[in-house]
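> Shown below is the structure under consideration.
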Amino acid sequence: MDRTNKPKLDQRRAPIYEALENFRQMRVVPFDVPGHKRGRGNPELTAFLGEQCVSVDVNSMKPLDNLSHPISVIREAEMLAADAFGASYAFLMVGGTTSAVQSMLLSSCKRGDEIILPRNVHRSVINALVLCGAVPVYVDPDVDRRLGISLGMCRRDVARAIREHPNAVAVLVNNPTYYGICSDLRAIVRMAHEAGMLCLVDEAHGTHFYFGDDMPVSAMAAGADMSAVSMHKSGGSLTQSSLLLIGPQMSVGYVRQIINLTQTTSASYLLMSSLDISRRNLALRGRTVFARVGEMAEYAREEINEIGGYYAFGKELVNGDSVFAFDTTKLSVHTRDIGLAGIEVYDILRDEYDIQIEFGEIGNILAYLSMGDRPQELERLVSALADIRRRYQRSSIGLLSQEYIDPEVVMSPQDAFYAPKRSVPLEKSVGEVCSEFVMCYPPGIPILAPGERITSQILDYIEYARSKGCSLTGPEDLAIENINIVIGGKK
Amino acid sequence: MDLWFSEFHTPDVKHSIRVTRHLYSGRSDYQQIDVFDTPEFGRVLTLDGSVMLTERDEFIYDEMITHVPMAVHPNIRDVLVIGAGDGGVVKELTRYSQIRRIDLIEMDPQVIEVCRTYLPENASRLDDERVHIRFENALRSIRRSNGNYDLIIVDSTDPFGPGEGLFTREFYGNCFSALRPDGIMVNQQGSPFYRQDAEAMQRSHKRIYTTFPISRIYQAHIPTYAAGYWLFGFASKRYHPVDDLNAEKWSSLGLETRYYTPLLHVGSFYLPAFLENMLREVEQDNSQTVL
Ligand SMILES: Cc1ncc(COP(=O)(O)O)c(C=O)c1O
């Protein structure tokens, strides 16, 4: 198959890691930043993080290259990453996948440009629209009514959006969603390219697609132009490290200029070396590692479905269109039929069973499985779910199902965010145009984004999510009693 | 030659036993297994460097974890034993003719193999026809059985290794479901003396206390375990460990014991003040998720 990317470079190399090891041997005397000087100046920090760790927290210098203008070891590491992921070039990112998503959008659209995307994107995508002034054209994602989750985009809906907005500059796709659901990426890439648009992919949850057999297609294999890949999620690198991949149509130099607009000039070598070492691990052992993760998730799904009441969904959701493929390493469980909201199960697991899962929302929970998991911990999770059912099962009458709320976009996120605004109590905001974000975090998909009309349905949803214990974030008012609205926006 | 086995009971306390021979050393899929001959304690089995049993003091543990529930519940027929690959608990249980089935779940087949070879006396009753051995994860098997047992004995390793799952609320909850409406669960509860052990004991006692209507702690003196001072948990749906003790009935069985007596049974539930305080602390903390 075309997507089985065969690396051409020697993936056993890890140039940044090797350079740091050499550097350590040289015992160079530091009269540069960081001021902790290999940890000596901050013994408490050194005791906490370990000498090994602080001794490589160093500044850019000739032997270690510079992320803003890489010409030696960082450049080699980026080329190795590109080779491993089958991309034309790969940028190491140190500002989270948020920075990769931002750079991806800032490289492809500017003020006033239209961009086609599903509404269930991560906040970082709409944040980037606030920064660059592009206007979102939302494709309603398909919805699974029983589970209350947004799926992928249907081909026909993407085609219609392209037809109705022929001047749009790009189409953005989640590959996959948090729940592991993939749209028909190859077809969407083809449609976008035929219309002269770029195809951008948020692959925050899809790093492993590049290193697995029987996995959904990855963005680069599908021919997409750019992809933001969260190495720190399934790739095993340190939190905040990420990759931005690009295809052959993009200019490496221009994308780098865009990245440098917002990137630190003191990139952390802890993060960069973690990317380097993790990329090596994935290239050399990824296939075995992810086959094991997939098996563990399958096992857990079977065991959880055997408990009764819960529904751990999997490949059976695949429908050839809005669920074109399912990422079987994801372990999501529908909990509403035991009478508990997902967020309630999430809280009980943490408070009473000392088990922390990724998130819970209205009807579902998601447990994040990865290369670090072992069967004995999985048994604990499954047993805890069985015990929660025994102790708490009740009627599910009165539990809301999560509905996809079709947003009315009144103005661009940037215009709304910077418009003259005032703060009003949430309950008085119906009919106004919102000028900020409201979301549950995680998953961090906005319930309201700047420029959208506030409706009573949306407010009911926010109240319900709050009453069940979801952590709401976004608004300037941390208590989330008031919301900023655009002056004069009311219908 | 000066050969010693040492075990850290805390980072600052070391317990050492002179060794005459190191008979076996092997790594299973789960843990490091060793067998020694020692002048004072006879043959010794260690897992991951912790003493599991010695020929010399094994009877204390095995008798106390077995006879206490057997003397309380009037009619124990079906028993589940978790861990206990050394066979000591099964050896005590098989002395009761009323028991018709003993399921033994051990995750590590290698422990049983090693005990059959090097501790044949201890493992002798594993071949009793009422004993059914299954090698699997205990959490998994207990999830699948409901309401079939009169007694569950949890003979686990300590809570900081592969046995960790046997100290969790999910495990105790699933044990509760696996017991008949008058069932009893007994488990080893570690030692209350050193701080880290005491905190682990408090955590698991709290989980059991909030799962079973009756939950009491009893104690025994076991020289080779941390501080020589060991606790057991008695958790029960109906029977009280002291009020429902039927001493005459138990005595009439004529079982010969070296540690357990019905009088000691009652005494073992009388605890020192510091331990009572520790238990009260977690029993009164009833924080639960508010739904
Ligand atoms: C779909 C999606 N995109 C982007 C991001 C941003 O990643 P980061 O938190 O690394 O900035 C996330 C993070 O949760 C995400 O879920």
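Every read-out reported here was derived from the displayed coordinates using simple, explicitly stated rules and does not represent laboratory data. Only a predicted model underlies this, so the values are computations on that prediction, with no experimental measurement involved. In this analysis, Cβ positions are derived from the backbone assuming ideal geometry, glycine residues included, and neighbour counts consider all displayed protein chains.
> Around B:G42, what is the net charge, scoring Lys/Arg as +1 and Asp/Glu as -1 over all other residues with Cβ under 13 Å from its Cβ? Let's see the in-between values first.
Working: positive: B:R18, B:R21, B:R43, B:R56; negative: B:D37, B:E40, B:E55, B:D57, B:E58, B:E121.
Charge balance in the 13 Å sphere: -2.
> May I ask you to derive the FRET efficiency for A:S72 and B:S28 from their Cβ-Cβ distance with R0 = 35 Å, giving the value to the nearest 0.05?
Values: r = 48 Å, r/R0 = 1.36.
Calculated value: 0.15.
> To the nearest Å, what is the center-to-center distance of region A:63-136 and region A:169-183, using C-alpha atoms only?
Region A:63-136 and region A:169-183 have Cα centres spaced 16 Å from each other.
> Could you tell me which of rounded, prolate or oblate describes the protein assembly as shown, using a ≥ b ≥ c as the square roots of the eigenvalues of the alpha-carbon gyration tensor, with rounded for a/c under 1.5 and, failing that, prolate when a/b is larger than b/c and oblate otherwise?
Values: a/c = 2.36, a/b = 1.72, b/c = 1.37.
Here the protein assembly as shown falls in the prolate category.
> I'd like the FRET efficiency for B:E281 and B:H15, computed as 1/(1 + (r/R0)^6) with the beta carbon distance as r and R0 of 35 Å, rounded to 0.05.
Approximately 0.80, to the nearest 0.05.
> Of B:H67, B:P109, B:F171, which is farthest on the positive side of the dipole of region B:58-284, counting Cα position, with +1 on Lys and Arg Cβ, -1 on Asp and Glu Cβ, and the Cα centre as origin?
B:F171
> Same structure, new question: Quick check on chain A: helices-only [θ] at 222 nm, where DSSP H runs of length 4 and up contribute -39,500 (n - 2.57) each and the sum goes over total residues. Nearest 500, please. Intermediate results must be reported in sequence, preceding the final value.
Values: 14 runs with 177 residues, N = 491.
Mean residue ellipticity, 222 nm, calculated: -11500 deg cm²/dmol.
> If each residue's Cβ is checked for other Cβ atoms within 10 Å, how do B:F274, A:F359, A:F31 rank with the fewest at the top?
Working: B:F274 10, A:F359 21, A:F31 6.
Result, fewest neighbours first: A:F31, B:F274, A:F359.
> Using Cβ counts within 10 Å as a stand-in for footprinting exposure, how do A:M296, A:M272 rank, fewest first? Each step should come with its number before you reach the end.
Details: A:M296 19, A:M272 28.
Listing A:M296, A:M272 from fewest to most nearby Cβ atoms yields A:M296, A:M272.
> If r is the Cβ-Cβ distance from A:R40 to A:M61 and R0 is 30 Å, what FRET efficiency results, to the nearest 0.05?
Working: r = 18 Å, r/R0 = 0.61.
Taking R0 as 30 Å, the efficiency between A:R40 and A:M61 is 0.95.
> Along the Cα→Cβ direction, 7 angstrom out, place labels at A:R190 and A:N319. What is the inter-label distance in nm?
2.1
> What is the order of B:V89, A:V486, fewest Cβ neighbours within 10 Å to most?
On the way: B:V89 27, A:V486 22.
Lowest count first: A:V486, B:V89.
> Separate question: Quick one: net charge around B:L255, please, counting Lys, Arg +1 and Asp, Glu -1 for every other residue with C-beta under 10 Å from its C-beta.
On the way: positive: B:R95; negative: B:E63, B:E92, B:E256.
Net of charged neighbours comes to -2.
> Go ahead and estimate [θ] at 222 nm for chain B from helices alone: -39,500 (n - 2.57) per DSSP H run with n ≥ 4, summed, over the residue count, rounded to 500.
Values: 10 runs with 90 residues, N = 291.
So the helix-based figure for chain B works out to -8500 deg cm²/dmol.
> When Lys and Arg each count +1 and Asp and Glu each count -1, what net charge do the other residues less than 13 Å away from B:A71, Cβ to Cβ, add up to? Don't skip to the end; give the middle numbers.
Numbers: positive: B:R95, B:K249; negative: B:E63, B:E92, B:D243, B:D244, B:E248.
Combined, the nearby Lys, Arg, Asp and Glu give -3.
> Tell me which GluC sites (Glu not before Pro) from region A:377-414 have a DSSP coil assignment and no more than 10 other beta carbons within 10 Å of their own. Walk me through the numbers on the way to the answer.
Working: sites: A:E377, A:E379, A:E403, A:E408; in loops: A:E403, A:E408.
Here no GluC sites (Glu not before Pro) fit, given the DSSP loop and packing criteria.
> Using alpha-carbon positions, what is the distance between the centroids of region A:351-429 and region B:41-64, in Å?
48
> Just name one of A:I277, A:A128, A:L147: the one whose Cα is farthest towards the positive end of the charge dipole of chain A (beta-carbon charges, Lys/Arg +1, Asp/Glu -1).
A:I277
> By the gyration tensor of its Cα atoms, with a ≥ b ≥ c the square roots of the eigenvalues, what is the shape of region A:326-369: rounded for a/c under 1.5, prolate for a/b over b/c, or oblate? Could the numbers behind the result be given before it?
Details: a/c = 2.47, a/b = 1.22, b/c = 2.03.
Oblate, because a/c is 1.5 or more while a/b does not exceed b/c.
> Shape call for region A:287-392 from the C-alpha gyration tensor, a ≥ b ≥ c root eigenvalues: rounded (a/c under 1.5), prolate (a/b greater than b/c) or oblate?
It comes out oblate by the Cα gyration axes.
> Just to be sure I understand: of the beta bridges DSSP finds with both ends in region B:58-284, what percent are antiparallel, rounded to 5?
Values: 14 of 34 bridges.
Percent antiparallel among DSSP bridges in region B:58-284 is about 40.
> For the protein assembly as shown, give me the percentage of DSSP beta bridges that are antiparallel, rounded to the nearest 5 percent.
On the way: 70 of 106 bridges.
In the protein assembly as shown, DSSP labels about 65 percent of beta bridges as antiparallel.
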